[in-house]
Amino acid sequence: MRKFGLIGKTLHHSFSKSFFTEFFEKEKIDADYSNYELKEISDITPLFDSKSISGLNVTIPYKQSIIPFLDELSDEAKSIGAVNVVQFNNGKIIGHNSDAFGFHQSIKPFLTNLHERALIIGTGGASKAVEYVFKSLGIDTISISRNPIGEKQFSYTDINHHMLNACKVIVHCTPVGTFPNENDVIPFPFEFLTKDHLVVDLIYNPEKTKFLQLAQEHGATILNGQSMLQQQALKAWEIWNK
């Protein structure tokens, strides 16, 4: 039986295990998928040394900190600067990024000519994949961070009517609002949203976060992270079986 799994710090919110378990059963694949909660990324070493794993997914907060533990990066992972898929190939541990593929597949049916600029909330590993996709589509981006650096990053208090009028796509990439803290929400001026806005939250548990609820109440089209999860997971399976 081949073994796969997900590494992260807190994984009770994740649907990856149930997704792959159902996928393996449906496709009659002799494989198992487990969650590996790591207190620190250095705890990955025994898992790598065991040589018993056929492939791994990576989630918060290790998508960037795992990179020094890998032998190689795919071109896409290198460009993005974040890894969410680990492949074991001919004795080498290779980092890939399927988040970009998953996000592109999930958002492309919703994009219109109104979506010339995007506001990305958060600066972690997932946000880097989102930024990469927008760049490939020719969509300008600015980012919101608790500790903004550079001219294209702003603080939460900088979000105003002018910014949201310019950015008709908003993507929330932080874990705020994830189960079991589904009533949590970032500080955001929802009153400036309109029917022309597309608001995406990469969280998929709960299905509709407080952030998405409030955005919808103010007229925006909303999208959660469920489709992205499924698309990136199927891409991961393709990578593991190369």
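The numbers here are math on the coordinates, done by the rules we state, and not lab data. Every value quoted in this text rests on a predicted model; they were computed, and no experiment measured them. Heads up, the Cβs are rebuilt from the backbone with ideal geometry, glycines too, and the neighbour counts pull from every protein chain shown.
The table below gives the values:
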{"item": "For segment 33-91: rounded, prolate or oblate by the Cα gyration tensor [a/c cutoff 1.5]", "result": "oblate"}
{"item": "Taking His13, His172, His218, His162 and counting other C-beta atoms within 10 Å, the order from fewest to most", "result": "His162, His218, His13, His172"}
{"item": "Distance in nm between pseudo-label sites at Leu114 and Ser136 (7 Å out along the Cβ direction from Cα)", "result": "2.6 nm"}
{"item": "Rel. contact order, % - alpha carbon contacts under 8 angstrom, at least six apart, the chain", "result": "16 percent"}
{"item": "5 angstrom amide H check on Ile93, placed H, neighbours 5+ away", "result": "Asp71, Glu72"}
{"item": "Debye, to nearest 20: dipole size of the chain, +1 on Lys, Arg Cβ, -1 on Asp, Glu Cβ", "result": "240 debye"}
{"item": "For segment 140-145, 3J(HN,Hα) per residue [Karplus equation, 6.51 cos²θ - 1.76 cosθ + 1.60, θ = phi - 60°, Hz, x = Gly/Pro]", "result": "5, 9, 10, 10, 10, 9"}
{"item": "Relative contact order (percent, whole number), segment 2-97, Cα cutoff 8 Å, 6+ residue spacing", "result": "28 percent"}
{"item": "Prolate/oblate/rounded call for segment 13-56, Cα gyration tensor, a/c under 1.5 rounded", "result": "oblate"}
{"item": "Computed [θ] at 222 nm, helices only, for the chain once each DSSP H run of length n ≥ 4 contributes -39500 (n - 2.57)", "result": "-8500 deg cm²/dmol"}
{"item": "Electrostatic dipole magnitude of segment 79-203 [Cβ: Lys, Arg +1; Asp, Glu -1; Cα centre; debye, to 20]", "result": "380 debye"}
{"item": "Value of relative contact order over segment 93-152, rounded to a whole percent, pairs C-alpha under 8 Å and six or more apart", "result": "35 percent"}
{"item": "Calculated Cα extents along the principal axes in Å (choose from (1) 56, 48, 35; (2) 58, 47, 38; (3) 53, 37, 33), label", "result": "(3)"}
{"item": "Length added when fully stretched, Asp49-Asn181, from 0.36 nm per residue minus Cα-Cα", "result": "44.0 nm"}
{"item": "Which of Val176, Met163, Pro187, positive extreme of dipole for segment 116-189 (C-beta unit charges)", "result": "Met163"}
{"item": "Extension reserve of the Asn165-Asn90 stretch, reckoned as 0.36 nm per residue once the Cα distance is removed", "result": "21.9 nm"}
{"item": "Tensor-based shape of segment 101-228 (alpha-carbon gyration tensor, a/c under 1.5 rounded, otherwise prolate or oblate)", "result": "rounded"}
{"item": "Using θ = phi - 60° and Karplus 6.51 cos²θ - 1.76 cosθ + 1.60, couplings along segment 214-221 (whole Hz; Gly, Pro as x)", "result": "5, 5, 5, 4, 9, x, 6, 6"}
{"item": "Anchor Lys195: lysines whose Cα lies under 17 Å away (excluding residues fewer than 8 positions away in-chain)", "result": "Lys168"}
{"item": "Fewest-first ranking of Phe190, Phe101, using other Cβ atoms within 10 Å as the exposure measure", "result": "Phe190, Phe101"}
{"item": "Fewest-first sequence of Thr10, Thr157, Thr209 by Cβ atoms within 10 Å of each Cβ", "result": "Thr157, Thr10, Thr209"}
